1. Which of the residues that make up the stretch B:139-155 are surrounded by fewer than 21 Cβ atoms within 10 Å (Cβ to Cβ) and within 22 Å of residue A:154 (Cβ to Cβ)?
2. Taking the stretch A:4-46, which residues are assigned to a helix (DSSP H, G or I) and closer than 24 Å to residue A:202 by Cα?
3. Could you tell me how many of the residues in the stretch A:261-279 are surrounded by fewer than 22 Cβ atoms within 10 Å (Cβ to Cβ) and modelled with pLDDT of 95 or more?
4. For the stretch B:206-225, give me each residue that is under 23 Å from residue A:278 (Cα atoms) and in contact with a helix residue (DSSP H, G or I) (Cβ under 9 Å, 6 or more places away or on another chain).
5. Residue by residue through the stretch A:150-177, note down the ones that are away from chain B (no Cβ under 14 Å) and either surrounded by 17 or more Cβ atoms within 10 Å (Cβ to Cβ) or in a strand (DSSP E or B) (or both).
6. Going through the stretch B:154-183 one residue at a time, which ones are facing chain A (nearest Cβ under 9 Å) and free of Cβ contacts under 8 Å to residues at least 24 places away in the same chain?
7. Would you say residue B:70 is closer than 23 Å to residue A:143 by Cβ, within 18 Å of the chain's Cα centre (by Cα) and surrounded by 14 or more Cβ atoms within 10 Å (Cβ to Cβ)?
8. Just checking, how many residues over the stretch A:119-149 are part of a loop (DSSP other than H, G, I, E, B), more than 18 Å from residue B:222 (Cα to Cα) and facing another protein chain (nearest Cβ under 7 Å)?
């Protein structure tokens, strides 16, 4: 019996979110009294794999079938479901991220498993198996009872945290026995921006809205983000106006993020925007309108024109960084 | 060529969520029901593709799993240009049940391309598209922000963390779409609304598997403490507070 956790790597490296995921799987496995087994797909150096022991992984299965070189949702699901069956998994854990959303539902069908995504806590009870998850983008929480023998969960990022718990770990190779004729996702081109902080990974986010008044005013915002090591985001109107790329749009129909700090500059805080950021640990709102709904959701607020306030923040952040 | 667009009927995104007295259910009184925003973008793209396909795309069918109260939403999809509609007569409990029932229909009524939104704005399941593809044993591509036809071959872009990948898979396939796939959704015109009344809406009884999970209770998020206001003249003080008090930088 086991809890299986899919630990995705990025160019052979794990991220903080991978450790959070293993921490969660280990806590779950401890409650069930079973092993925590991580599945790693592709080439990952041994020191990276060994690091998973610090968060409670008893075993890592390394899957290196050539069919998995490109993300083919069906091939990945086949490999993970096969490993889950071979290890008598009771629960299979994914991150609620790009890959998790692509693969976990297919794994659930293969294992005839009920699935809960955007899970925020350890199970409230094990018999029956009930988890709490975000619904309406965090505007409410639902308690979902899963009735199948095997359960598939995907964890909302930054909801559990990284928890150290050192165990001894074994590394094994696992042949997923894939039939290459069945999988045919053809990767024609890949475009990535290097050196930019990926918004969904960012621990700190600086975000601008219509209160910024013009796309030409983004310089100080980007400077503040660069000083703090933060990602940059924007509200929907700003993306729709073409002031900023759509990839920066956070909110209900854009990206849903949960950083440690979200600084909203000139964003009023429409309910759809708040739905995408309300899980952030600390929220700062800067706005000229004292009635802006963001002040209801924020921890810190500054009333005033962002374009006048931003230079002060940049200056203070520079001074802070110089002293730390 | 035939395209199927899966629609979910959801509360309007501005809805304030309320629970009933014993927190066992959501209070849906007075809620405006709409097409799930991502499904609406999927439909918009499907209609755009059909219009510029010079007859190569024959029909756009929309399908929903729901009881008769979902019909106004289906009629709206017909009013903006979908050719016909299918309603599977079932109030579904989870994504597994939805996907299995759509798969049961598709097995007997094949399509070349199936589109779903990446999630529904109510229960945020994000699972119907992937599950549907797995039930049908066909490819799925997730987080699709671009879909076009290059001759007879569909080409897609999917949003990966920090960039995009241009992808091709053979038909039939499921494309799970997100923001970027289409611009603003279409607004039904009076002529479209009149025509929608004459379009075929097939109602079928469920033929798929049952659910694997069910909601047994709900909770509202904890109320936030009151905002701490900082004087604009001393805005820089924020940085100190974020470091010393909130401890996030």
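1. B:145
2. A:16, A:17, A:18, A:19, A:20, A:21, A:22, A:23, A:24, A:25
3. Qualifying residue count for the region: 1.
4. Once the filter is applied, which keeps residues that are under 23 Å from residue A:278 (Cα atoms) and in contact with a helix residue (DSSP H, G or I) (Cβ under 9 Å, 6 or more places away or on another chain), the stretch B:206-225 yields B:221, B:224.
5. A:160, A:169, A:170, A:171, A:172, A:173, A:174, A:176 - these are the residues of the stretch A:150-177 that are away from chain B (no Cβ under 14 Å) and either surrounded by 17 or more Cβ atoms within 10 Å (Cβ to Cβ) or in a strand (DSSP E or B) (or both).
6. B:155, B:157, B:158, B:159, B:160, B:161, B:162, B:163, B:164, B:165, B:166, B:168
7. Judged against the criteria, residue B:70 is not a match.
8. Number satisfying all stated conditions: 2.
The values are calculated or read from the model by the stated rules, or taken from the named source; none is laboratory data. Computed from a prediction, not measured in an experiment: that's the story for all the values here. Using ideal geometry, Cβ is built from the backbone for each residue, glycine included, and neighbour counts are taken over all protein chains shown.
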